[in-house]
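Worksheet: one structure, shown below.
The values are calculated or read from the model by the stated rules, or taken from the named source; none is laboratory data. Here the structure is a predicted model, which is why all the values come from computation and not from measurement. Glycine gets a Cβ as well: all are built from the backbone with ideal geometry, and neighbour counts include every protein chain shown. Ligands, DNA and RNA are stripped out before the accessible areas are found, and what is left, the full protein with its side chains, is counted by its heavy atoms. Shrake-Rupley method; radii C 1.70, N 1.55, O 1.52, S 1.80 Å.
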Amino acid sequence: MTGPLVTIDDITCRFGKRTALQGICADIAPGQVTGLVGPDGAGKTTLIRLIAGLLRPHSGHITVCGFDSVGQAEAIHGVVGYMPQRFGLYEDLTVAENLNLNADLRAVTGQERSQAFERLLGFTGLAPFTKRLAGALSGGMKQKLGLACTLIRPPRLLLLDEPSVGVDPLSRRELWRMVHELVDQGIGVLWSTAYLDEAERCGSVLLLNDGKLLNSGAPRGMTDRISGRTFVVRGLDPAGKRLVLDRARQRVGVIDALIQGRNIRLVMAEGAAAPTANELEAGADAAVEPVRPRFEDAFVSLLRGQGLTSNTGALPQGRTSETPPGDPDAVVEARDLTRRFGSFTAVDRISFAVRRAEIFGLLGPNGAGKSTTFKMLCGLLPITSGTARLTGLSLAEAPALARARLGYMSQKFSLYPDLSVQQNLEFFAGAYGLSGRTRREAVGGMKEGFGLEPFAASNAGELPLGFKQRLALACAIMHGPAILFLDEPTSGVDPLTRREFWSHINAMAGQGVTVLVTTHFMDEAEYCDRVGIVYGGVMIATASPDDLKEQARTPDLPDPSLEDAFIRLIERHDRDRKAAA
Amino acid sequence: MMTQGAARRLRLKGLVVKETLQILRDPSSLLIAFVLPVLLLLLFGYGVSLDANHIRIALVVENPTPEAERFIASFANSSYFEVDVMRHRATAEEDLVAGRMDGVVVLRADFAARLGQWDMAPIQLLLDGTEANTAHIVRGYAEGVWLAWARQEAMSRGLPIAIPVVAEPRIWFNPELRSRNFLVPGLIAINMTLIGTLLTSLVVAREWERGTMEALISTQTGLPELLAGKLIPYFVLGMTAMALSVAMAVFQFGVPIRGSLMVLFGASAIFLVGALAMGLLISTVTRNQFVAGQVAIVSGFLPAFMLSGFVFEIGSMPGWIQVLTHAVAARYFVSTLQTVFLAGDIWSVILPDLGAMTLIALVFLAATSVRTRKRLD
Amino acid sequence: MWTRLIALIVKELLSVWRDRKSRFVLVVPPLVQLFVFSYAATYDVTNVRIAVFNEDAGAPSHDLIARFEDAPDFARVLHLGSEAGIAEAIDSKEAVLVVHLGPGFSRDLLAGAPARAQLILDGRGSNTAQVVMGYATSIINNFNRDWAAAHSVPVLPAPLIERAWFNPNLMSLWVVVPGLVGILTQVVALVVTALSVARERELGTFDQLLVTPLRPWEILVGKIVPALLIGLAEGTVIVVAALFWFRVPLVGSLLLLYASLFVFLLSIIGVGLFISALSGTQQQAILGAFLFLVPAIILSGFATPIENMPEFIQALTLGNPMRHFLTIVQGIFLKDLPAELVFARIWPMAAIGFVTLGSAVWLFRHRLR
């Protein structure tokens, strides 16, 4: 059979008043990975559920392997494997029990079952862990188990909903390897993701944004469209690169400009010439060179081309950012920071110092200890041994004073969802002890600077994601902190919103605020001046992103990405440890 | 390839095994299924009693005479009363206000002198109305003591006294009127509501919250297997808890069991199916543990407690509440439980109760299978 | 400091009120419970179904039975035709009481010999049986008195005159509704505090609070004050309903009532915070609150008198704030409980509050470290 596995014909789906999907037409072919790409809330999960026959469309038809998704949902369930978000595992059952349940549900018995188990346990490398509870597995192992459960009876179509969320880069590579083996057997795979770099590995991509299909086809087709329009400015003076970025942004014809390690990446509008280094006042050593376009460049230019420009206007001023006392080379300082939970050492003697106005990133897979380190630094978790100082103050000795100098924003945008924007701002102003005129000015300034005025009376929980993020940032910096802690600040946010967010952060760093950020996005790490890689509770490297890439450069990999560098570092660390042991 | 039927049985087996393992590993399931019922049984068996056996009564004797002494003796000899003799009415009244006394009997100074003149020697009994129920009981016991005293008194004076009508109470099923004997069987209905409705609604809502339901319904598992896969393990769990409760009632609390165990378990099975179906319905509609828990408590636990006749007499409630109680399955179950435990297999009570419970169970089962769809919308 | 505290308190009240779920928990269940409990939680025994088996043809037996028929608490009287009917009527719950008068009833009565009236009661509901027996005995006593007067039969030496103080008609409603002031404010205050920290943990805002300069005790005060205000408001609503809807008299001091409510709420909020500090999710908090509430209500004396309980359980109830508050609230409503007696109940609640709040604070600090 050579026709498409799935035909999606003019699908529209609404929830109440909200239109989740509108007029989607697409095909999914067998024997390749089709990427379903788009930011959170674009409609990816809805589309997958429609294909799996779990939702009914408002209009339009979906045919899966010749079966109609509404009338013949049962038949579809017989030929489709579906792994929902968070993998749909029973966390209080063991690996073997989860597999047994799924074998029972899929009527795989006897010889066939034992063969399937052997094949899948080998395939996923889960064989040593069959007696472990699924809840006790790491994110990567859960994802492999979830995949194994859907493969017990080999499906013709495999639907994977955000399989790489919460999974470290190593496991992500493993998963891609496994999926490619399946594709080689002729299975069609639909892989939904918010990571744009994953799109480049798909045979075909459906690009969703806000319920509409922006593009479909091979990813090359999309990047080809902007070929010759992407450039990199190299040889910048590290201190002045943010000013150059601002100038680049304001130039006509620049669609996108962002910091990439030491360099600045530019995407030009169609027909616009790239600016010269002189025009950008980038310094004597600077040069503008063309580079190969990435999928993200294409995505951003597509969105911006639709008039979806984002506001990067007036930057809000923190109340005051007085130069904090203490050593400007160690505004944040960790010395032999250690945290044990029972006999388990989550963080083992981590030391580093962050300079004033520096953006420092903590990078590492889930469970490596970066969140634990982060929490100890801002006083959320007691320190087992070692010291953490903020602007020279110890959190243990002067907690209130130290906390008054820090701003904190967590990945969940910890706002009170039932309070209005105004009430959230007022509350955090009050919690930092601002009152009377100071409070009114601070709240007013934040509303104006972040464009929150039109939403002042709406509940924080009902804001669009991008505005939630702005509000969370506003609440964190209202009191003019000297240090800003950001915990996975842009997970699940679309690239445009992420760019806008980073323009705020860059501006704050420009004003002298020191920023500490944790992330597992490799490209987010590129925005940082320096990154520390945390792995197995140890800081295995601290360097600028470019230096890290430099270290990973080999003859067969002349231009490594940060992810390559990251994986290489981890592999080397594992090897060294094995050798030592 | 196996047959449709065999595949279906295999899926059902898989689901039942999974659910059983989950029950055994989840502390909150075991907490609701075993700890809570035992706690309630102990509280009700030992802690809750409507039997007033230690009524504190103040006897105010303003003028201690031999006649008054005899009166005091008759109260002091009663096993129901703890008597405190006082001289002053004011002290006794203070005690009544403070709640230190359940009742006050006043013999006035001229009690002895006026004895024998029916209208002239009143003995006053003051009751504490803030304990309305106790007051009823105190009144009953005091009247009994008074009557016995009066007859004795008349006889000793050689008065040709005769009581025109003598009441001879016979109390069936529970001659000592132990409240434990009807509270403990009724409690079984509460416990099974907790397991059937509260626990089931929580666990199914949890499957929706954790996304495992989505994975389940994307397989070929049909609705009947899905529902039966939930019902069977919790049915077994509920019946186990029921057997435990019955054993505690009989061996720990000495409640007699006069009907047959078969009827008891049969009725429990029917009630449990209804309670389980209600729990499934709640969780299917809410799909959220927090809301499901609230709804299960308000619509399952509280009515079973308040509107089932378990403690409070349905006949004494206002008409509109009496109408409401007809929709509460626990009402019929409590009635059957009390009858089977204390009276026996009285079919004229049990059959209508079973009929009503079956009807309610069928309604909930039907509603559940209509509401549960193999879709997410 | 005041700026921070006020900001916290305002935030807490706003977020309780603006969240649909918690607003629902605050308003709907307490109101439904107030009405259903007030009317359903009754030990009054009315509308009793009784039956009569009269084998006697004489006028006196008809007179006695007429008195049963006219009694206000008996709904209707079923006349049975045979002895077998007695068992049937009781077994099938057709009647709670059967009055059986033998064939010689009138003859004995006229002859001056004791005439027997057999009262057969259904013991399955022991409480009802007891109360109904009381009703029946009263009717027979009245009959006896009138008979004695009319036939100049020598009478008993002295009658017993009964009077119920504070609640002359012994209405359950007058007892239950004041009790609900305690029960329902307890439920609301407990649930609000138990959920508040758990919810902030789930939202992630608790971490956000901890990185502000707010000190741990300020955060706790910021949780206690709103719950106190909500509890007082809830209590006020129920007091108003008790006075104007249920028409329960309030003879004592309102000021004393509020003073005790204040202390009572503090002790309950301590328990709520303790549960909150222990539980990571709202689910656990709800379960914890439920596990505390059920015994707290059963052992408060609300449903059954404390003095009927075994000694060791009676001792246990002294640690239950609800028990003390129940005595106060029923006392102030119905019998103008004197101030010194109120204080005698307030200080145990204060002591319990001191312990619960103290251990909650300790647990919080312990969990934060």
Practice problem: Inspect all residues belonging to region A:121-139 and state whether any of them is over 22 Å from A:Ser164 (Cα atoms), aliphatic (A, V, I, L, M) and facing chain B (nearest Cβ under 10 Å). | Solution: no
Practice problem: Among residues belonging to region C:175-216 that are under 29 Å from A:Leu377 (Cα atoms), among the hydroxyl-bearing types (Ser, Thr, Tyr) and part of a helix (DSSP H, G or I), point out the one that is nearest to the other protein chains (Cβ to nearest Cβ). | Solution: C:Thr205
Quiz item: For region B:283-296, which residues satisfy the criterion of being at the interface with chain C (Cβ under 10 Å from one of its Cβ atoms) and surrounded by fewer than 19 Cβ atoms within 10 Å (Cβ to Cβ)?
Solution: B:Asn288, B:Val291
Quiz item: Got a sec? Which of B:Ala189, B:Ala215 is more than 22 Å from the chain's Cα centre (by Cα), buried (at least 21 other Cβ atoms within 10 Å of the Cβ) and not in a loop (DSSP other than H, G, I, E, B)?
Solution: B:Ala215
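To keep it simple, each residue is scored yes or no on (1) surrounded by fewer than 20 Cβ atoms within 10 Å (Cβ to Cβ); (2) more than 9 Å from every other protein chain (Cβ to nearest Cβ); (3) among the basic types (Lys, Arg).
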{"position": "A:Phe413", "(1), (2), (3)": "no, no, no"}
{"position": "A:Tyr416", "(1), (2), (3)": "no, no, no"}
{"position": "A:Tyr432", "(1), (2), (3)": "no, no, no"}
{"position": "A:Ala456", "(1), (2), (3)": "yes, yes, no"}
{"position": "A:Glu462", "(1), (2), (3)": "yes, yes, no"}
{"position": "A:Gln469", "(1), (2), (3)": "no, yes, no"}
{"position": "A:Ile483", "(1), (2), (3)": "no, yes, no"}
{"position": "A:Ser491", "(1), (2), (3)": "yes, yes, no"}
{"position": "A:Arg498", "(1), (2), (3)": "no, yes, yes"}
Quiz item: Within region C:261-290, how many residues turn out to be under 17 Å from C:Gly204 (Cβ atoms) and away from every other protein chain (no Cβ under 14 Å)?
Solution: 1
Practice problem: Please go through region A:126-166 and pick out each residue that is in a strand (DSSP E or B) and either basic (Lys, Arg) or closer than 21 Å to A:Val108 by Cα (or both). | Solution: A:Leu157, A:Leu158, A:Leu159
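Results for (1) out of contact with any His (no Cβ under 8 Å at 6 or more places or on another chain); (2) at negative phi; (3) surrounded by fewer than 21 Cβ atoms within 10 Å (Cβ to Cβ), shown as yes or no for each residue.
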| site | (1), (2), (3) |
| --- | --- |
| C:Glu69 | yes, yes, yes |
| C:His100 | yes, yes, yes |
| C:Ser106 | yes, yes, yes |
| C:Gly112 | yes, no, yes |
| C:Leu121 | yes, yes, no |
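I'd like the full set of residues that are free of Cβ contacts under 8 Å to residues at least 60 places away in the same chain and either among the hydroxyl-bearing types (Ser, Thr, Tyr) or surrounded by fewer than 20 Cβ atoms within 10 Å (Cβ to Cβ) (or both), limited to region C:30-53.
Within region C:30-53, C:Leu31, C:Val32, C:Phe35, C:Val36, C:Thr46, C:Asn47, C:Arg49 qualify.
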Self-check item: Enumerated helices (runs of 4 or more DSSP H) restricted to region C:240-325, each holding at least 1 residues that are free of Cβ contacts under 8 Å to residues at least 12 places away in the same chain, open to solvent by less than 30 Å² (accessible area, probe 1.4 Å) and more than 22 Å from B:Leu30 (Cα to Cα)
Solution: C:282-298
Quiz item: For region B:328-377, which residues satisfy the criterion of being polar (S, T, N, Q) and closer than 27 Å to B:Thr286 by Cα?
Solution: B:Thr358, B:Thr368, B:Ser369, B:Thr372
Quiz item: Which pairs do you get when a residue that is at the interface with chain B (Cβ under 7 Å from one of its Cβ atoms), found in region A:84-113, comes within reach of a residue that is of a type in the set (Val, Ile, Thr), reach meaning Cβ atoms under 6 angstrom, with the pair 6+ apart or on two chains?
Solution: A:Gly88/B:Thr212; A:Tyr90/B:Thr212; A:Leu105/B:Thr219; A:Leu105/B:Thr221; A:Arg106/A:Ile152
Practice problem: Mind counting the residues in region B:57-70 that are at pLDDT below 90, within 14 Å of chain C (Cβ to nearest Cβ) and touching a strand residue (DSSP E or B) at 6+ places or on another chain (Cβ under 7 Å)? | Solution: 1
Quiz prompt | Total residues in region B:281-297, condition more than 28 Å from the chain's Cα centre (by Cα) and either outside the structural domain of B:Ala228 (by TED's automatic domain parsing) or farther than 21 Å from B:Ile360 by Cα (or both) | solution = 2
Self-check item: Residues being charged (D, E, K, R) and touching a Leu at 6+ places or on another chain (Cβ under 8 Å) - total across region A:334-377
Solution: 4
Exercise. Of the conditions (1) out of contact with any Lys or Arg (no Cβ under 7 Å at 6 or more places or on another chain); (2) open to solvent by less than 10 Å² (accessible area, probe 1.4 Å); (3) touching a residue at least 60 places away in the same chain (Cβ under 8 Å), A:Phe428 clears all except one; give me its number.
Key: (3)
Quiz item: How many of the residues making up region B:53-76 are open to solvent by less than 30 Å² (accessible area, probe 1.4 Å) and in a strand (DSSP E or B)?
Solution: 6
Quiz item: Taking region A:176-194 as the region of interest, how many residues are without any contact (Cβ under 8 Å) to a residue 60 or more places away in the chain and buried (at least 20 other Cβ atoms within 10 Å of the Cβ)?
Solution: 1
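Could you pull out the residue among A:Thr309, A:Thr345, A:Thr372, A:Thr391 that is at pLDDT 85 or above, within 30 Å of A:Glu441 (Cα to Cα) and among the polar types (S, T, N, Q)? Steps first, answer last, please.
Numbers: A:Thr309 fails: at pLDDT 85 or above; A:Thr345 fails: within 30 Å of A:Glu441 (Cα to Cα); A:Thr372 fails: within 30 Å of A:Glu441 (Cα to Cα).
Among A:Thr309, A:Thr345, A:Thr372, A:Thr391, only A:Thr391 is at pLDDT 85 or above, within 30 Å of A:Glu441 (Cα to Cα) and among the polar types (S, T, N, Q).
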Quiz prompt | Given (1) within 14 Å of chain B (Cβ to nearest Cβ); (2) on the phi < 0 side of the Ramachandran plot; (3) not basic (Lys, Arg), number of the condition A:His61 does not satisfy | solution = (1)
Quiz prompt | Test for B:Val16: is it under 37 Å from the mean Cα position of the chain (by Cα), under 22 Å from B:Ala243 (Cα atoms), of a type outside the set (Asp, Glu) and more than 10 Å from every other protein chain (Cβ to nearest Cβ) | solution = no
Exercise. Among what's in region A:370-387 and is open to solvent by less than 10 Å² (accessible area, probe 1.4 Å) and either polar (S, T, N, Q) or outside any helix (DSSP H, G or I) (or both), pick the residue that is nearest to the other protein chains (Cβ to nearest Cβ).
Key: A:Cys378
Quiz item: Counting only residues that are open to solvent by less than 40 Å² (accessible area, probe 1.4 Å), free of Cβ contacts under 8 Å to residues at least 60 places away in the same chain and more than 21 Å from A:Val233 (Cα to Cα), how many does region A:555-572 have?
Solution: 3
Quiz prompt | Residues within region A:4-44 that are more than 26 Å from the chain's Cα centre (by Cα) and on the phi > 0 side of the Ramachandran plot, tallied | solution = 4
